[in-house]
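Below is one structure, written out as structure tokens; comments come after it.
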Amino acid sequence: MSNTNPFLKTLAEKLFIDYGEKIEGLCMVFPNRRAGLFFKKYLAAAAQKTTWSPQIFTINEFMQHLSALQPA
């Protein structure tokens, strides 16, 4: 039985240690909304206080954000 942390939890903790309050300046791109929601949950637990979170996009949302084109 393995007692390892989920990848997104490890990522959230590492980013909060490295960036602290400056994490709000980051942009995170995940494959789907579910991954973004789990990341937010783990980031809130790592911060243990109210803080601004980074921008969180799915891949599709990020591409739409970068493009001047609108989806059909």
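For residue 36, indicate whether it is in contact (Cβ under 8 Å) with a residue 12 or more places away in the chain, open to solvent by 60 Å² or more (accessible area, probe 1.4 Å) and under 22 Å from residue 66 (Cβ atoms). Spelling it out, it is not the case that residue 36 is in contact (Cβ under 8 Å) with a residue 12 or more places away in the chain, open to solvent by 60 Å² or more (accessible area, probe 1.4 Å) and under 22 Å from residue 66 (Cβ atoms). Out of 41, 14, 22, one residue alone is open to solvent by 100 Å² or more (accessible area, probe 1.4 Å) and under 10 Å from the mean Cα position of the chain (by Cα). It is 41.
Determine if the range 49-67 includes at least one residue that is more than 14 Å from the chain's Cα centre (by Cα) and among the hydrophobic types (A, V, I, L, M, F, W, C). Yes: the range 49-67 contains one or more residues that are more than 14 Å from the chain's Cα centre (by Cα) and among the hydrophobic types (A, V, I, L, M, F, W, C).
Scoring residue 61 on the criteria (1) modelled with pLDDT of 95 or more; (2) within 30 Å of residue 72 (Cα to Cα) leaves a single failure, condition (1).
Of 48, 70, which residue is exposed (fewer than 10 other Cβ atoms within 10 Å of the Cβ) and at positive phi?
Numbers: 70 fails: at positive phi.
Among 48, 70, only 48 is exposed (fewer than 10 other Cβ atoms within 10 Å of the Cβ) and at positive phi.
The values are calculated or read from the model by the stated rules, or taken from the named source; none is laboratory data. All values derive from a computational prediction rather than experimental measurement. Every residue, glycine as well, gets a Cβ built from its backbone with ideal geometry; the counts of neighbours run over all protein chains shown. What goes into the accessible areas is simple: the full protein's heavy atoms, side chains included, and nothing from ligands, DNA or RNA. Shrake-Rupley method; radii C 1.70, N 1.55, O 1.52, S 1.80 Å.
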